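**Student:** Got a structure here, written out as structure tokens. Questions coming.
The values are calculated or read from the model by the stated rules, or taken from the named source; none is laboratory data. Since the structure is predicted, the reported quantities are computational estimates derived from the model, not experimental observations. Please note: Cβ atoms are built from the backbone with ideal geometry, for glycine as well, and neighbour counts cover all protein chains shown.
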Amino acid sequence: MLKIILSVIFVILCVALTVIVLLQEGKSAGLGSIGGMADSYWGKNKGRSMEGNLERFTKAAAVLFVVLAVALNIL
């Protein structure tokens, strides 16, 4: 029973992790860095923006993904 519950959570987490990664912007600076856009408010305070939140959620989901993968492998 526990393995089924963990498997369902694992599948939901896999889908959520895929969506979170696809929502993130690319890391290339592009033409915005030429005009000084890298030093804008959102560039300096990235942790408070949606992009910063997506990065935190990605890290947490990745750790949970690995933990669940190991747990499902052991069970």
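**Student:** Within region 35-43, can one find any residue that is modelled with pLDDT of 60 or more and more than 25 Å from Ala71 (Cα to Cα)? Before the answer, list the steps.
**Tutor:** The first filter runs over region 35-43 and keeps only residues modelled with pLDDT of 60 or more, leaving none.
Within region 35-43, none of the residues are modelled with pLDDT of 60 or more and more than 25 Å from Ala71 (Cα to Cα).
**Student:** How many of the residues in region 20-34 are surrounded by 11 or more Cβ atoms within 10 Å (Cβ to Cβ) and at pLDDT 60 or above?
**Tutor:** Count: 4.
**Student:** Another question, if that's okay. Conditions: (1) touching a helix residue (DSSP H, G or I) at 6+ places or on another chain (Cβ under 9 Å); (2) modelled with pLDDT of 65 or more. Lys46 meets all but one. Number of the miss?
**Tutor:** Evaluating Lys46 over (1) touching a helix residue (DSSP H, G or I) at 6+ places or on another chain (Cβ under 9 Å); (2) modelled with pLDDT of 65 or more leaves (2) as the failure.
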